[in-house]
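Take a look at the structure set out below.
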Amino acid sequence: MYNNTFGNIFRLTSFGESHGKAIGGVIDGFPAGITIDMEFIQKELNRRRPGQSAITTARKEADEVEFLSGIYEGVSTGCPIGFAVWNTNQHSNDYDNMKDVYRPSHADYTYTQKYGIRDHRGGGRSSARETIARVVAGALAKLALRQLGISITAFTSQVGPFKLDKDYTAYDLTSIENNPVRCPDQDLARQMADYIFRIKGEGDTIGGVISCVIKGCPVGLGQPVFGKLHAALGNAMLSINAVKGFKYGQGFSNMELKGSQQNDIFYNNNGEIGFRSNRSGGIQGGISNGQDIYFRVAFKPVATVLMEQPTVDIHGNETILKARGRHDPCVLPRAVPIVEAMAAMTLLDYYLLDKASTL
């Protein structure tokens with residue numbers, strides 16, 4: 001298995017499986033001299049960890065990160081940063097009845113066909129537990145971006161039929177941690193949570209949408225041809241487990257509008273160039289234009305449902321599977337920090353690439 005490395009200059013290589021000894025990674029290209037806020041990094045991991053509420057998986061993991069290199073006296077040295085998060089609460093026996101059976105819409109079948117072998121315990125490498133490494137790397141990237149005045153905020157904007165009906169600018173995005181769904185509308189968040197809890201009780205799962213806003217991004221990140229910033233963000237988001245779609249700016253919306261109606265008009269804003277609107281989503285020609293970058297990420301329902309489903313075994317025999325184990329009925333609440341982490345890694349990587357654009 002290759003392609004376990006993400007990024008160009010700022011690069012994360014991750015390792016580990018859901019029921020292995022640890023999840024970890026090695027980060028190359030992280031700038032020297034960045035103060036490493038360990039409390040912040042652990043807080044980011046806590047936002048992703050299992051067992052944090054009644055609407056997430058019941059697996060209990062502290063998910064405490066141990067850094068092995070690249071940090072001295074609380075500051076990055078510029079050397080590779082190695083880290084590990086040790087697994088402590090696996091219930092591997094829960095997956096015994098799935099060893100020779102394919103879960104519908106899961107990676108079980110494709111992994112087996114491609115590699116001839118798979119770790120059925122918790123999904124092995126295909127498990128979203130791998131995203132621990134992304135959150136650690138993303139937290140470090142956030143610390144670097146913070147020095148540049150760049151902030152990244154993701155939030156749950158839709159769960160099943162429940163969705164926000166206003167633009168992100170109409171909500172207080174600082175309030176997302178006030179509810180377990182991480183939605184900025186507190187009333188809607190309660191409806192979402194109740195719905196997820198009901199779906200969980202049925203042994204089923206539900207999907208939805210996470211939106212993300214990047215503020216303070218400078219003009220000029222991205223390349224005009226094959227290194228477009230929105231393409232890099234799309235690649236990052238589509239690499240997350242259960243993601244089925246990516247839309248930035250207006251995306252598929254307002255396709256009935258003409259160019260004269262869709263264009264973001266320039267104007268003189270007290271001697272500086274300003275925009276009358278931001279339908280482009282902060283990116284034009286593949287390059288950031290200094291406005292807010294905003295995008296939406298669609299997540300499918302978790303494939304592992306705790307109810308009977310018809311399927312086949314590894315020999316092609318039809319059978320019935322009733323999965324066991326501890327699974328999320330909806331990935332959205334725990335995926336919010338993952339979306340932020342992938343955006344942060346992409347932005348820092350493209351910021352460093354931009355430094356190589358001119359002498």
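The values are calculated or read from the model by the stated rules, or taken from the named source; none is laboratory data. Just so it is clear, the structure is predicted and the values come from calculations on it, not from any experiment. Backbone-built Cβ (ideal geometry, glycine too); neighbour counts: all protein chains shown. Quick note on the areas: whole protein, heavy atoms, side chains included, nothing else; ligands and nucleic acids left out. Shrake-Rupley method; radii C 1.70, N 1.55, O 1.52, S 1.80 Å.
Can you confirm whether the stretch 248-265 contains a residue that is of a type in the set (A, V, I, L, M, F, W, C) and within 16 Å of the chain's Cα centre (by Cα)? Among the residues of the stretch 248-265, not one is of a type in the set (A, V, I, L, M, F, W, C) and within 16 Å of the chain's Cα centre (by Cα), which makes the answer no.
Say we look at the stretch 290-317 and pick out the residues that are at pLDDT 95 or above and charged (D, E, K, R); which of these is least open to solvent (accessible area, probe 1.4 Å)? Going through the qualifying residues, I end up with 292. Within the stretch 323-351, residues that are over 19 Å from residue 298 (Cα atoms) and open to solvent by 20 Å² or more (accessible area, probe 1.4 Å) have Cβ atoms under 9 Å from residues that are among the aliphatic types (A, V, I, L, M) and assigned to a helix (DSSP H, G or I) in these pairs: 324/98; 325/98; 350/229; 350/232; 351/144; 351/145, counting only partners at least 6 apart in sequence or on another chain.
Please determine, by comparing only the residues of the stretch 156-175 that are open to solvent by 60 Å² or more (accessible area, probe 1.4 Å) and β-branched (Val, Ile, Thr), which one is nearest to residue 249 (Cα to Cα). The qualifying residue nearest to residue 249 (Cα to Cα) is 169. Restricting the stretch 268-283 to residues that are among the polar types (S, T, N, Q) and touching a residue at least 12 places away in the same chain (Cβ under 8 Å), the residue that is nearest to residue 226 (Cα to Cα) is 280. Within the stretch 13-57, the set of residues being open to solvent by 50 Å² or more (accessible area, probe 1.4 Å) and either part of a helix (DSSP H, G or I) or in contact with a His (Cβ under 9 Å, 6 or more places away or on another chain) (or both) comprises 38, 39, 43, 46. Would you check if residue 82 is surrounded by fewer than 19 Cβ atoms within 10 Å (Cβ to Cβ) and in a loop (DSSP other than H, G, I, E, B)? Taking the combined requirement at face value, the residue does not satisfy it. The sole residue among 87, 93, 178 that is surrounded by fewer than 19 Cβ atoms within 10 Å (Cβ to Cβ) and modelled with pLDDT under 95 is 93. The criterion of at least 3 residues that are closer than 27 Å to residue 44 by Cβ is met, among strands (runs of 3 or more DSSP E) falling completely within the stretch 162-271, by 208-215, 243-248. Identify, by number, the condition in (1) open to solvent by 20 Å² or more (accessible area, probe 1.4 Å); (2) among the polar types (S, T, N, Q); (3) touching a His at 6+ places or on another chain (Cβ under 6 Å) that residue 239 doesn't meet. Checking residue 239 against (1) open to solvent by 20 Å² or more (accessible area, probe 1.4 Å); (2) among the polar types (S, T, N, Q); (3) touching a His at 6+ places or on another chain (Cβ under 6 Å), the one that fails is (3).
For every residue, the table says whether it meets (1) closer than 19 Å to residue 328 by Cβ; (2) within 22 Å of the chain's Cα centre (by Cα); (3) of a type in the set (Ser, Thr, Tyr).
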residue	(1), (2), (3)
170	no, no, no
173	no, yes, no
176	yes, yes, no
180	yes, yes, no
192	yes, yes, no
198	yes, no, no
207	yes, yes, no
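Do we find that residue 287 is open to solvent by 40 Å² or more (accessible area, probe 1.4 Å), in contact (Cβ under 8 Å) with a residue 12 or more places away in the chain, over 30 Å from residue 196 (Cα atoms) and touching an Asp or Glu at 6+ places or on another chain (Cβ under 8 Å) in this structure? Considered against the rule, which asks whether it is open to solvent by 40 Å² or more (accessible area, probe 1.4 Å), in contact (Cβ under 8 Å) with a residue 12 or more places away in the chain, over 30 Å from residue 196 (Cα atoms) and touching an Asp or Glu at 6+ places or on another chain (Cβ under 8 Å), residue 287 comes out as no.
For every residue, the table says whether it meets (1) more than 18 Å from residue 18 (Cα to Cα); (2) of a type in the set (S, T, N, Q); (3) at pLDDT 90 or above.
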residue	(1), (2), (3)
64	no, no, yes
75	yes, no, yes
131	no, yes, yes
134	no, no, yes
141	yes, no, yes
148	yes, no, yes
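Residue 274 meets the stated requirement of being farther than 30 Å from residue 31 by Cβ and either open to solvent by less than 20 Å² (accessible area, probe 1.4 Å) or part of a helix (DSSP H, G or I) (or both). Per this entry, residue 144 is not counted among residues that are surrounded by 20 or more Cβ atoms within 10 Å (Cβ to Cβ) and within 12 Å of the chain's Cα centre (by Cα). Screening the candidates 61, 73, 66 for the property of being of a type in the set (Asp, Glu) and within 24 Å of residue 333 (Cβ to Cβ) yields one hit, 61.
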